[in-house]
Amino acid sequence: MENKEIELEFSIKSGAPEKQRTACVVVGVFENRKLSAPAVDIDRASDGYLSDILRGGDMDGKAGSTLLLHKVPNILADRVLLIGLGKERDFHEKAYRDAIACAIKTLRDTGSMEATVTLSEIPVKKRDVVWNVEQAVLAAHEALYRFDRMKSKTNEPRRPLKRVVFAVSRRGELKFGDVGLARGLAIAHGIGFAKDLGNTPSNICTPEYLAGEARKLAKTYRFGCEVLDYAACEKLGMGSFLSVGKGSDKPPRFIVLRHEGGDKTQKPVVLVGKAITFDAGGISLKPPADMDEMNYDMSGGGAVLGAFRAIGELGLPLNVVGLIPSCENMPDASANKPGDIVTSMSGQTIEILNTDAEGRLILCDALTYAERFEPDAVIDLATLTGACVIALGAHPSALFSNHDPLAREIEHAADDAWDRVWRMPLWDDYQEQLKSSLADMANIGGRPAGSITAACFLSRFAKKYHWAHLDIAGTAYKGGRDKGSTGRPVSLLVHFLLNRAGKDAG
Ligand code: BES
Ligand code: MN
Ligand code: ZN
C-alpha cells in the first residue's frame, strides 16, 4: 500500500497574462473591484470585460470567492479564473497562501489540467519574489495533499491538475523565481513525507517502521544511518528511554541519521525528534477522548525525517545529525509504574510520578547522546505537553532556549518560513517544581506552567551545548474532523539550516 502522490509540475514564467496560451489563466481581484496588476492587463486587452463583470456584481473580490470565465475577448487562454483576494491592505502572508490554495483547489475541481497562476506576482508586504514563489509551491502542495493509502477505494480525478506555471512580473525576476521553486519543492517534499508518517496509524507506523523509513532515506541521499536496538541502548545506559517502551510489544528503536555536507571541522547541528508511535499514557492511562490522536506523538521524529529529506534534496553544505528515540507508551504488567525511579544515560535519576510524561523521559537520553557530536547547536522537537496547546493554541510552536542568539536565529527562520514560534521563559525559578525527595528530580512539575516545567526538565540534560526546544503539541497536527498532520515544523528547520548555509540569496 503506497500513498499515491499526485506530483504537480511547476515552472516559472514572466510575460503578459493576456498572451499566455494555456487552458486557464488565474488572476486576483481585491475587494471593491480593485484589480491586481495582471488582472488590469487582462481587462485592458479585453476592452474592460473584467470591469464590466465586476460592476455587474458577479464577483465581489471577497477572500475565497471565485469566478470562472470562458471566451474572454482577445485573451489567448481558454479560460480566465478570478480569485477574490479580500481587502488589499489586509493582503498579508495568510491571505496570500489562502488565495493560492483557493486557486489550486478551484482548478482541480473544474478539471483544468494546466494553468498559469499570476497570484504569485502580487506583492506581499516585506516579502520578495523568492518567498512568494516558495510559498506558492507550498500552498499548492498543501491544497492537493491527500492521504488515502488506508482507503480501499479512491476517487481519482478524471482530469487531474498536472502543470502549474507561476508568473513573476519581470524577466529579471525569473532567477529568483527558480530559487523559490527549488526550495519550495524540497520543503514540500519534506513536509509531505512528515505528513505521511504522522498520518500512518500506529498499528503500521511502529518504531521499526520509522527505522525502515530512515534507512530508505539514507540510501537515497547517502546519509549515514544507524539504528540502535534495545541491547545497544542498554549498553549506553539509556535507562530512562528504555523504561518507556517496556509496556509495549513493539521493540524500541533509537535512530541516528548523519548528513555530512560540510567540511570535517564544522560542528554539526543536531536535530532531536520525539517519536512515541502511540501514547496511551501508560499506567497513568489517558482518558478516552481524543486518544486516537496519539499516533501523532511521533511528529517530532517525523519532522526530523522530513527535514532530512529536504536536506538531501537541496544538498545542503552543512553537517547535520538527526536523533530519533522511538517507542510506544502502553499500559502493561512490565510498564513503568508511578513511583518507579530510573537512571538516565547522564547518571541523573528520575522519579516517574506520571507515566504519561514520557516524552521527556525519552528525550533526556537523546540529549545526552547528542554530546558525543560536539554540536554547534541542538534543537529538539516534541509534541510534549497538552499545556502548550492550552497556552498557545495551534498557531505558533513554543520555543525555549538556553542561548539567546540561538533563540533569535530560530525566531528569524520561523518568520522566513512563515512557520511561526513564540518564545517562552525558561527561568530557574520554575526548576523547583521538579523537586523529588527520593530521586534527583521528578518527571512532572504540577499543573502550573506545564510546558515550561517540561522544558526545564529537558534543560537539565542540555547543559553542555547551545540548545533549543520546540513544543509542537499544538502545531504538528490538527485534531477532530479534519484530523491530519501539518508537517510542521519542517519548513522552519529547513530555513534555519538554509540561513546557516549562507544560502539566503540562493
Ligand atoms: N504526548 C503528550 C502531550 C500531548 C497532549 C500532545 C495533547 C498533544 C496533545 C505527552 O506525552 C503527555 O501526555 N503530556 C502530559 C504531561 C503531564 C502528565 C505532566 C500532558 O500534557 O498532559
Ligand atoms: Mn504522554
Ligand atoms: Zn507523549
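The values are calculated or read from the model by the stated rules, or taken from the named source; none is laboratory data. These numbers were taken from a predicted model, which means no experiment stands behind them. For neighbour counting, all protein chains shown are included, and Cβ atoms are generated from backbone atoms with ideal geometry for every residue, glycine included. Just so you know, the surface numbers come from the protein's heavy atoms only, side chains and all, with ligands and any DNA or RNA stripped out. Shrake-Rupley method; radii C 1.70, N 1.55, O 1.52, S 1.80 Å.
Could you tell me which of the pairs Lys19/Lys175; Lys250/Lys478; Lys34/Lys62; Lys34/Lys126 are separated by over 19 angstrom between their Cα atoms in the structure shown?
As for pairs spanning more than 19 Å Cα to Cα, those are Lys19/Lys175; Lys250/Lys478; Lys34/Lys126.
Just to be sure I understand the model, the point goes 7 Å from the Cα along the line to the Cβ. What's the resulting Lys105 to Arg146 distance in nm?
1.5
Counting only DSSP beta bridges with both residues in the chain, tell me the antiparallel percent, nearest 5.
Antiparallel bridges: around 45 percent, rounded to the nearest 5.
Skip the ligands, DNA and RNA, and give the accessible area per residue of the range 78-150 with a 1.4 Å probe, whole Å².
Here the residues of the range 78-150 average 38 Å² of exposed surface.
Quick one: net charge around Gly301, please, counting Lys, Arg +1 and Asp, Glu -1 for every other residue with C-beta under 11 Å from its C-beta.
-1
Below 9 angstrom from the Cβ of Ala194, what's the summed charge of the other residues (Lys, Arg +1; Asp, Glu -1)?
On the way: positive: Lys195, Arg309, Arg488; negative: Asp196.
For residues surrounding Ala194, the net value is +2.
Taking only Cα atoms, what is the 0 to 90° angle, nearest 10, from helix 129-144's long axis to the longest principal axis of the chain?
Approximately 80 degrees, to the nearest 10.
Could you tell me the relative contact order of the range 383-448? Use alpha-carbon pairs under 8 Å, at least six residues apart, and round to a whole percent.
That works out to 25 percent.
Counting pairwise Cα distances across the range 341-469, what percent come out greater than 19 angstrom?
Above the 19 Å cut-off, the range 341-469 has 48 percent of its Cα pairs.
What nm distance separates the two modelled labels at Asp376 and Arg447, each placed 7 Å from Cα along Cα→Cβ?
Spacing of the two 7 Å Cα→Cβ label points: 4.5 nm.
Hey, can you rank 259-271, 282-294, 317-329, 412-424 by average C-beta count inside 10 Å, highest first?
For the peptides 259-271, 282-294, 317-329, 412-424, the packing ranking is 317-329, 412-424, 259-271, 282-294.
Could you tell me which of Leu85, Ser11, Leu50 has its Cα farthest along the dipole of the range 9-176 towards the positive end, charges placed at Cβ (Lys, Arg +1; Asp, Glu -1), taken about the Cα centre?
Ser11
Got a number for the accessible area of Leu492? Probe 1.4 Å, square angstrom, nearest 10.
Its heavy atoms expose roughly 0 Å² to the probe.
Can you pull the three principal axis extents for the Cα set of the range 22-127, in Å, largest first?
35, 29, 22
In terms of the Cα gyration tensor, with a ≥ b ≥ c the square roots of its eigenvalues, is the range 453-506 rounded because a/c is under 1.5, prolate because a/b exceeds b/c, or oblate?
Judged from the Cα gyration tensor, the range 453-506 comes out oblate (a/c at least 1.5, b/c at or above a/b).
Please give the contour-minus-distance gain from Leu174 to Lys94: 0.36 nm per residue of separation, less the Cα-Cα distance, rounded to one decimal in nm. Please report the intermediate quantities before stating the final value.
Working: separation 80, 0.36 × 80 = 28.80 nm, distance 2.39 nm.
Roughly 26.4 nm would be gained on extension.
In deg cm²/dmol and to the nearest 500, what is the mean residue ellipticity at 222 nm of the chain if only DSSP H runs of at least 4 residues count, each as -39500 (n - 2.57), divided by the residue total?
Only helices count here, giving -10500 deg cm²/dmol.
For the pair Val40 and Ser334, what calculated FRET efficiency results from E = 1/(1 + (r/R0)^6), where r is the Cβ-Cβ distance and R0 = 60 Å, to the nearest 0.05?
Rounded to the nearest 0.05, the efficiency is 0.30.
Mind listing the phi-derived Karplus ³J(HN,Hα) values for the range 201-207, rounded to whole Hz, using 6.51, -1.76 and 1.60 with θ = phi - 60°, and x for any glycine or proline?
In residue order, the calculated couplings are x, 6, 6, 10, 7, 9, x Hz.
Taking the Cα centre of the range 1-76 as the origin, how large is its charge dipole in debye, to the nearest 20, when only Lys and Arg (+1) and Asp and Glu (-1) carry charge on their Cβ atoms?
Computed charge dipole of the range 1-76: roughly 260 debye.
What Kirkwood radius, in Å to one decimal, follows from the Cα pairs of the chain?
For the chain, inverting the mean 1/r across all distinct Cα pairs yields 23.9 Å.
Protein chains only, probe 1.4 Å: how do Thr343, Thr475 rank by accessible area, largest first?
Details: Thr343 75, Thr475 5 Å².
My answer, sorted largest first, is Thr343, Thr475.
Enumerate the calculated ³J(HN,Hα) couplings along the range 90-95 in order (Karplus 6.51 cos²θ - 1.76 cosθ + 1.60, θ = phi - 60°), each rounded to whole Hz, writing x wherever the residue is Gly or Pro.
With the stated coefficients, the range 90-95 comes to 9, 7, 9, 3, 5, 4 Hz.
What shape does the range 363-427 have by the C-alpha gyration tensor, where a ≥ b ≥ c are the square roots of the eigenvalues, rounded means a/c under 1.5, and otherwise prolate means a/b greater than b/c and oblate the rest?
Cα axes put the range 363-427 in the oblate bin.
If you look at just the Cα atoms of the range 200-500, how large are its Rg and its Dmax in Å?
17.4, 51
Name the residue from Ala214, Tyr296, Val168 whose Cα lies farthest towards the positive end of the charge dipole of the chain, charges +1 on Cβ of Lys and Arg and -1 on Cβ of Asp and Glu.
My answer, from the dipole projection, is Val168.
With angles folded into 0 to 90 degrees, how steeply does helix 490-500 sit against the dominant principal axis of the chain? Use alpha carbons for both and round to 10.
That helix lies at roughly 90 degrees to the long axis.
How far apart, in nm, are two points set 7 Å out from the Cα along the Cα-to-Cβ line at Arg408 and at Lys267?
Placing both labels 7 Å beyond Cα along the Cβ direction yields 1.8 nm.
So for the range 257-410, Kirkwood radius off the Cα pairs, Stokes-Einstein at 10 °C and 1.306 mPa s: how many µm² s⁻¹?
94
With every protein chain kept in place and ligands, DNA and RNA left out, what is the accessible area per residue of the range 200-500? Probe 1.4 Å, answer in Å².
39
With both partners inside the range 324-475, how many of the DSSP beta bridges are antiparallel, as a percent to the nearest 5?
Percent antiparallel among DSSP bridges in the range 324-475 is about 45.
Hey, got the dipole for the chain? About the Cα centre, +1 on K and R Cβ, -1 on D and E Cβ, debye to the nearest 20?
The calculation lands at about 1200 debye.
In debye, nearest 20, what is the charge dipole magnitude of the range 118-247 about its Cα centre with +1 on Lys and Arg Cβ and -1 on Asp and Glu Cβ, if you could check?
Taking the Cα centre of the range 118-247 as origin, the dipole is about 540 debye.
At a 1.4 Å probe, what is the % contribution of carbon and sulfur to the accessible area of the chain?
Carbon and sulfur atoms account for 50 percent of the accessible area of the chain.
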